[in-house]
Structures are given as C-alpha cells and as structure tokens.
Amino acid sequence: MKPINVAKVVERIKNNKKLALSLTVAAAVVILLLAGGVVATSKPAFCNRCHEMQPSYNSWMTSNHATVDCGSCHADFSFSVTSVAGTELHILRDMFLHSKNDYVAPINKGSVLSKASSFESCSVCHSSKRLISARITTAHKTHSEKLHITCVYCHNRVGHPNNKEYDDRSKMKSCIACHQKKRASVGCKTCHPKTPPGS
C-alpha cells in the first residue's frame with residue numbers, strides 16, 4: 001500500500017473549494033454535536049434518568065448546591081480536549097454498565113468523584129478564606145495550597161448530604177483521624193479558638 005502524501009491532500013483541498021467547504025461544514029457539525037453532548041450530560045436531568053443515581057440525585061436536591069449543575073462540580077476544569085473526552089468516555093462507560101445492569105451500588109462509594117474534583121471547581125463560587133462559623137476556624141488555604149488537599153476531600157458530601165450510603169468526612173471525627181495520621185495538632189483550640197473554658 002502506497003503511503004498517503006499529506007502535502008498533496010492539503011493542496012487538493014485548497015484547490016477544490018467545494019471539498020474545502022464540505023470538510024469545514026462537517027467539522028463544524030461534529031464540534032456542535034460534541035459540545036451539545038457535553039452540555040446535555042452535565043445536567044441533573046441526564047443523571048436522574050438512571051435508577052442507581054436516584055439516591056445521589058435526591059440528596060443533591062436537598063443540598064445547598066441544588067441549583068448547581070452536576071458538571072460544575074464533577075467536570076475537569078482544565079477544559080482541555082483530553083479532559084472533556086475523558087469525562088465523556090467515563091459517562092459512556094457508565095451508560096454501558098447501566099444498560100447491562102452491571103454497576104456497583106452505591107454509586108461513587110468512597111467518594112472517588114469527589115477526590116477528583118479540583119480546587120478550581122469550588123473556588124468559582126467559594127473563597128479559601130471562608131469561616132465555617134464563629135466557633136470553628138479551618139485553615140482552608142493551608143489545607144488546599146500547602147498540603148494540596150482538595151476542598152471536596154473533606155467536604156465530600158457537601159453536594160449530596162444525608163445519604164446514609166456514604167461516610168461524611170466533614171465531621172469532627174474525620175478531622176481528628178486525619179490530624180492524628182499526619183501528626184498535626186488535635187487540640188481543641190486548633191479548630192475552635194473561641195472554645196469557652198471548661199467545655
């Protein structure tokens with residue numbers, strides 16, 4: 001088989017305006033279809049179509065993030081061709097497993113999707129200087145910038161609260177366990193600087 005001479009093919013396209021126009025239109029249609037697929041699969045209505053997603057969808061509806069589309073948190077914020085393609089391939093794989101009734105419930109056990117979310121996806125709306133309350137202070141900036149711990153590693157259930165199938169790592173026992181493992185302070189005043197004496 002004779003190798004393709006790319007230079008000749010490009011020259012032929014340049015000289016044939018109908019062919020060039022046809023290829024441009026075909027490329028535009030493919031790009032629009034892909035973009036439409038990305039938008040459609042990032043919407044909650046898409047996720048809610050599968051019965052195994054019902055617990056996650058229902059808990060999302062009760063969360064403070066109920067007005068935020070799935071893709072706003074679960075998509076890769078680098079927006080590179082490979083990241084978008086990777087996300088869409090993951091969705092296609094999940095749809096295939098759903099069609100075969102071959103999936104592991106609960107979906108996202110161990111909060112794997114949360115671990116993959118980036119600081120950038122949260123910082124679109126939230127600041128790292130944020131205080132939880134007057135009684136609790138967390139060094140968000142230290143955790144995210146110095147220790148490279150993503151927001152959703154600790155706040156893994158923030159978008160899907162009250163779902164009994166999952167552990168919620170935002171509870172104090174999880175903070176203490178992590179601090180002990182990393183040999184960080186577990187003293188009350190570390191996170192509760194205004195703790196009243198004797199409490």
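Listed here are the residues, each with its yes/no results for (1) surrounded by 10 or more Cβ atoms within 10 Å (Cβ to Cβ); (2) in contact with a helix residue (DSSP H, G or I) (Cβ under 7 Å, 6 or more places away or on another chain); (3) touching a residue at least 12 places away in the same chain (Cβ under 8 Å).
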position: ASN16; (1), (2), (3): yes, no, no
position: LEU19; (1), (2), (3): yes, yes, no
position: LEU32; (1), (2), (3): yes, no, no
position: THR41; (1), (2), (3): yes, yes, yes
position: MET61; (1), (2), (3): yes, no, no
position: GLY86; (1), (2), (3): yes, no, no
Pick from segment 25-63, criterion of a type outside the set (A, V, I, L, M, F, W, C) and in a loop (DSSP other than H, G, I, E, B), ranking: nearest to VAL158 (Cα to Cα): SER63
In segment 88-136, the residues that are over 30 Å from LYS194 (Cα atoms), part of a helix (DSSP H, G or I), small (Gly, Ala, Ser) and modelled with pLDDT under 80: SER114, ALA116, SER121
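The values are calculated or read from the model by the stated rules, or taken from the named source; none is laboratory data. This is a predicted model, so every value here is computed, not measured. Cβ sites come from the backbone with ideal geometry, for glycine too, and all protein chains shown count toward neighbours.
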